[in-house]
1. How high is the FRET efficiency from residue B:24 to residue A:282, r the C-beta distance, R0 56 Å, rounded to 0.05?
2. Against the longest principal axis of chain A, how steep is helix A:179-194, in degrees 0 to 90 to the nearest 10, with axes from Cα atoms?
3. Partner chain Cβ atoms within 10 Å, averaged over the residues of A:35-45 - can you pull that number for me?
4. Return the Rg/Rh value of the protein assembly as shown, two decimal places, where both radii are evaluated on C-alpha atoms and Rh is the Kirkwood radius.
5. Convex hull over the Cα atoms of chain B, averaged projected area in nm²?
6. Cα convex hull of the stretch B:1-56: mean projected area in nm², to one decimal?
7. Using R₀ = 30 Å, calculate the FRET efficiency as 1/(1 + (r/R₀)^6) where r is the Cβ-Cβ separation of residue B:42 and residue B:79; round to 0.05.
8. Over what distance in Å are the Cα centres of the stretch B:21-73 and the stretch B:206-230 separated?
């Protein structure tokens, strides 16, 4: 049996608990400990998890000797920490986004290349079972030719306002505000299905706080046209992906983990008004019942995409392969977000008034 | 060379403060009751309640660290009042009169009101108003804290430090307010999700030393908590370090609260104090996060001894002498 992969964690927030829970299921991984500059957060998590605590990154590297470190800290620290780790010869998984700025992401990738180590990003929703089901359907040709990809990203009611009002959560202080914390998901989902973009168009609208709250992005992807809608205020909040194919289309509800396939049918006009609705209802009922059962018997947990991603990542790494999320994908997401910020500025109402 | 008077220097926290200050090169005078050992440079024996003793103790020192208090859970209120409240007021008055530059009053987290479960509490939040139900110790510490804050309002160079649940070698954080062994189980009167505001004795001593030395700390109050540990996590870690084999059982606390209410009424009818009060159970149902950002920002304080290490030192069985 080969030696286990030694994994350490930086950052002891909510998502670290999810990573630990899933890493514990992986036989090829040995969890060596956790690290956070906030002694309170670190200590509480050390007692909760029973894992060793390291007071500094230096301690983690010297005493823990990790092969891989997961960077689960607030986004502004992702790139600096990834750089430090890669330069120390450690492979890195970063929570999304890879970096806040394109130049930083490029620097991280260059450091990985130089060190001969890998860096990957936790683009977890790609690995959600319902998204994988859509990807398999596309691969099997169920949709025919893919012509369009639409992703809708919403935000929970009040999430933005709360963070802004208190200005407490780190997400409120990110470039572009709380949007930054959500934007990765629709961007990488769109890129996965539509392919890398040859051109982008972006229109945004800002709130009176100056934070971007509405985004429309259109990408000329290598495989299809992709559109991303982000709306911080539309309620009830939705997270949806639609794949438009020449033979059929698929709609995924990421909040409720359901998938509907719509196929054209030659039906008499009267039945044609009724049948598609009944068919959709049946698909929804089946998927809902299946999900409820999966949760009830413990087969489905929260953040299933993180679990599936880590499983695939460590299977690949143990076999000497490449991480399933490329650094290039991480870079594109950061670059597109930069693009959103740049366009956002040109239509900011405050600036428009000032000029 | 800085000289400091430490009251309660023979006590659990006092001894750690003495060691810490001496390590920093401060000359320490200890106010202790006659016969009590302490590792200070200079002893001053006597009672906290004796003004003549206090006047002698504060003469010629730069700092006063007031860590002395009556900490027992029983006894007449008058004794708590004179040792914890009146002596604090007098000590500050005499220290100011003697020209002492810095006074650090060691208070307690119990002074804060916890208005609801999961409350976030910081230094400027309201005092608890539980009154007599809180028990004499907590009530006297509340009044002493108010006396120290009143002295600040009068311009005295006082800093108030409010540490969490103090622990360290020789004093284990208790597993619950009450606990009972039941064969392979242990019944813990606590909520598994309750947050224990742990404060390791050496980390608190460091905060006090920083508060005494920092010019910014004059007139300020600081909460000192290392970690908010869930009760169940602590119990699990406790078992792991001590090798205990019991399994923790947590009773439904709402029922316990009902029981305590009835018990309290019954005892009151009999004109006596109940062994457990509804207020005490309320507090186990209502945990809070005590914000320590101010100590980190203004004093540069960090709990340097990590909690897992501190608990290992505290819970590990004492090595048998060779």
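Each reported figure results from applying straightforward, stated rules to the coordinates on display, with no laboratory input. Computed from a prediction, not measured in an experiment: that's the story for all the values here. Here Cβ is always computed from backbone atoms with ideal geometry, including for glycine, and neighbour counts include all displayed protein chains.
1. For residue B:24 and residue A:282, the calculated efficiency is 0.15.
2. The angle comes out near 60 degrees.
3. Values: counts 0, 0, 1, 3, 11, 15, 2, 5, 15, 11, 2.
Taking all residues of A:35-45 together, the mean is 6.
4. Details: Rg = 30.6 Å, Rh = 29.0 Å.
With Rg and the Kirkwood Rh in hand, the quotient comes to 1.05.
5. Numbers: hull surface 71.3 nm².
Across all orientations, chain B yields a mean hull projection of 17.8 nm².
6. Values: hull surface 14.2 nm².
That works out to 3.6 nm², a quarter of the Cα hull's surface.
7. Details: r = 27 Å, r/R0 = 0.92.
Using R0 = 30 Å, I get an efficiency of 0.65.
8. Answer, in whole Å: 20.
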